[in-house]
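Accompanying notes for the structure given below.
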Amino acid sequence: MNNSRRDFLKQSGLLLAASTLPLSLVEIAFAKEEDNFSFAYISDAHIQQIKGTQFVRNWDRGLMRAVAEANLLDPKPDFVMFGGDLAQLGKPEEIDHGLEILSALNTKPRFVLGEHDFYLDMGEYWAKKVSEHHYSFDHKGVHFVVLNSILTYDDWNNKWSSPQERMAMMAGLDNPLGSPFMVGEAQRNWLKADLAKVDKKTPVVVFSHSPLQKIYKGWNFWTDDAEQVQALLKPFNKVTVIYGHVHQIQYNQIGNISFHSVMATAWPWPYPSTYAKAEQFLPKLTVEMNRADPFFERDATGWQLIDIATGNTAVHYQLAENKPRTVAFNPKTKRPEDSEYQQQRAVTQNHY
Amino acid sequence: MLTYKKTLIVLALSLPGIVNADEFTKADLTQWENEFQTVVKQGRAAFTDPNLGSNGVVCAQCHPNAANTHPETYPKFQKQLGKVISLWEMVNWCLRNPLEGKPLAADDPKMTALVAYITSERKGVKLDAGKH
Ligand SMILES: [Fe+2]
Ligand SMILES: [Fe+2]
C-alpha cells in the first residue's frame, strides 16, 4: 500500500464527498512509482433541455456532483476524461450547458463522443465546440486512443424525415428502429496507421463510448465490428478498453484486452439479463453492481478514478449511494477482478 | 337480482356460440388479443412519450423494455412509502418524481395502458407478489 495515495481527498468538507470517498488503492508491487498515474473518468451526463434555460434537474445534479468530487482528488489526477453522452438529444443548448458544468473542473477534460451527442447533426457542433471525434495521445509511456464507436450505416442515417427524428430514434435505448453501433472501415484504417507507429510493448488504452465487445444487441450494448477492432489491438502486450454507454459496472478479459465500463452520472440501467425475453452475453467475470433504489435519485450512478500502474489498469468506482468498488487487473490470473467481491460473486441484491 | 338476470339475457343474446359457452371461438380469441395488443401499444407509446411528465423524461429512459419494473412482485410493501402498494401507485411515484409530472387515476385509460405494456414485457415470469 502506498500511504500517499490513501489520503486522496482534501478534507475540505465539500458535499458528503470527503466521508464517502476514502479511496483504498490496489497498488501493484512491481510498478515503478514514477510510471504510475491516475486520471478521473466522468461519463453519460445526458444533460436534457426542457425549454429555454430549463434543464432536467436530476441529470444536472449528477454531473455537478461528479465534478465537485473529482475536484477533491489530491493529488490531482493527470487528466480528466468525459466518456460521451454529454447531451440527451444532441442540442447545442445541452452541449453548452454540459460544458458549462464541466468548466468547474480544475483539470481540463478530454472527450469521447456518444450517440446522444451525435445523431442530431452528425457531430458537427461537437467537432466545432468540444473535440475531435477520434484522436490519440501519449502520456507517461502509455498510448491513448479515443475512438468514435457510435457510427452506424449510411442507409439508416439517411432514412429519417428530419435530424430530430433521427436523433430521437437513436436516443431510445430499446427502440427496435435504432441501428447497431460501429467504428467503421475508415476509422479502423486510421487506427491501424496510428498503432503502426507504436511499439508493441507500449501499454495501449482505448476509450470508446460503446463496448468494443458484443453484449446485448437489443440495447446497443454492442459494436458491430468489435472483432475487427480487437484484431488491431491484438499485437500489443497490454491493452485496456474503457467504455461508457452502458450505465452500469461491467468488466471482461478477451485475450490480451481488459475491458472496463464506467458509470453514468445521470441514471443507471438494469443488466440485460433482467429483461426476461433477452438472450445476452454479459461477461461471466462481471460481479454486478447493486440494484438501484429509485427512491434515491443518485443511487447506482457515479464516476471513476482510474490508475495506470506499469500499464495495468485499476478502476475505482465512486458510487454516490454505495460503497466505492475497485476492479483491478490481477497479474496472477491475468484478468480484471473486483478487489472485494470477486470471490463472493454478489454485492448485496439479486437482479431479476 | 333483477339486473343480474337482465345482464344474463343480454349476454346470451349477444353471444352467437352460446350453446358451447365453455369454448371460445377463434374469432373471439383473435379479437380479445387484438384489443389487448392495441392497449399494450398505447402503453408503449405512453412509456416513451416525452409529454407524459413535465420535463421530457420518458419511462423507457431508465427502464428499457420496462426492465427493472418487476410487475410480478406487486402488490408489495414499499418501505419508502411505508405501505403495501399496487403497481399503478409505483407508476404514479415515477410520474411525480423522475418525470416531475401529475399522477394518473387508477382507472385512467393511460394508466391501464402503461400497466398493460409493463406487464406484457414480463410475460411468462412467475407471479411473486410481495417479493423484493
Ligand atoms: Fe448514456
Ligand atoms: Fe450512449
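Laid out as a table, the results:
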read-out: Conditions (1) surrounded by 20 or more Cβ atoms within 10 Å (Cβ to Cβ); (2) in contact with a helix residue (DSSP H, G or I) (Cβ under 9 Å, 6 or more places away or on another chain); number of the one not met by B:Gly56; value: (2)
read-out: Residue check for A:Asp293: of a type outside the set (Gly, Ala, Ser), surrounded by fewer than 17 Cβ atoms within 10 Å (Cβ to Cβ) and either free of Cβ contacts under 8 Å to residues at least 12 places away in the same chain or within 13 Å of chain B (Cβ to nearest Cβ) (or both); value: yes
read-out: Selection from the range A:209-230 of residues that are open to solvent by less than 10 Å² (accessible area, probe 1.4 Å), farther than 21 Å from A:Gly123 by Cα and within 14 Å of another protein chain (Cβ to nearest Cβ); value: A:Ile215, A:Trp219
read-out: When residues of the range A:261-288 are limited to those that are more than 16 Å from ligand 1 (Cβ to nearest atom) and either part of a strand (DSSP E or B) or open to solvent by 40 Å² or more (accessible area, probe 1.4 Å) (or both), the one farthest from A:Gln48 (Cα to Cα); value: A:Lys284
read-out: Matching residues in the range A:34-56 - criterion: being of a type in the set (Gly, Ala, Ser) and either at the interface with chain B (Cβ under 9 Å from one of its Cβ atoms) or crowded, with 17+ Cβ neighbours inside 10 Å (or both); value: A:Ser38, A:Ala40, A:Ser43, A:Ala45
read-out: Test: A:Leu232 is more than 28 Å from A:Lys159 (Cβ to Cβ), out of contact with any strand residue (DSSP E or B) (no Cβ under 8 Å at 6 or more places or on another chain) and away from ligand 2 (no atom under 14 Å from the Cβ); value: yes
read-out: All helices (runs of 4 or more DSSP H) inside the range B:23-107 with 3 or more residues being at pLDDT 95 or above and more than 12 Å from every other protein chain (Cβ to nearest Cβ); value: B:26-47, B:87-96
read-out: Sole residue being within 18 Å of the chain's Cα centre (by Cα) and more than 25 Å from A:Val183 (Cα to Cα), chosen from A:Ala70, A:Ala87; value: A:Ala70
read-out: Residues located in the range A:296-316, provided they are among the hydroxyl-bearing types (Ser, Thr, Tyr) and either within 12 Å of another protein chain (Cβ to nearest Cβ) or open to solvent by less than 10 Å² (accessible area, probe 1.4 Å) (or both); value: A:Thr301, A:Thr313
read-out: Matching option when the condition is more than 16 Å from ligand 2 (Cβ to nearest atom), closer than 24 Å to A:Gly311 by Cβ, in contact (Cβ under 8 Å) with a residue 12 or more places away in the chain and open to solvent by less than 10 Å² (accessible area, probe 1.4 Å), among A:Val241, A:Val198, A:Val206; value: A:Val206
read-out: Enumeration of residues in the range A:68-94 that are assigned to a helix (DSSP H, G or I) and under 14 Å from A:Asp44 (Cβ atoms); value: A:Glu94
read-out: Segments classed as strands (runs of 3 or more DSSP E), wholly inside the range A:95-192, with at least 1 members that are in contact with a Pro (Cβ under 8 Å, 6 or more places away or on another chain), more than 16 Å from ligand 1 (Cβ to nearest atom) and open to solvent by less than 60 Å² (accessible area, probe 1.4 Å); value: A:142-146
read-out: Only one of B:Thr112, B:Thr119, B:Thr73 that is under 22 Å from A:Asp174 (Cβ atoms) and touching a residue at least 60 places away in the same chain (Cβ under 8 Å); value: B:Thr112
read-out: Which numbered condition A:Asp96 misses (of (1) more than 25 Å from A:Glu69 (Cα to Cα); (2) touching a Lys or Arg at 6+ places or on another chain (Cβ under 9 Å)); value: (1)
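The values are calculated or read from the model by the stated rules, or taken from the named source; none is laboratory data. Just so you know, these numbers come straight off a predicted model, no measurement behind them. Methodologically, a virtual Cβ is constructed for each residue, glycine included, from the backbone with ideal geometry; neighbour enumeration extends over all protein chains shown. SASA here: full protein model, heavy atoms, side chains in, ligands and nucleic acids out. Shrake-Rupley method; radii C 1.70, N 1.55, O 1.52, S 1.80 Å.
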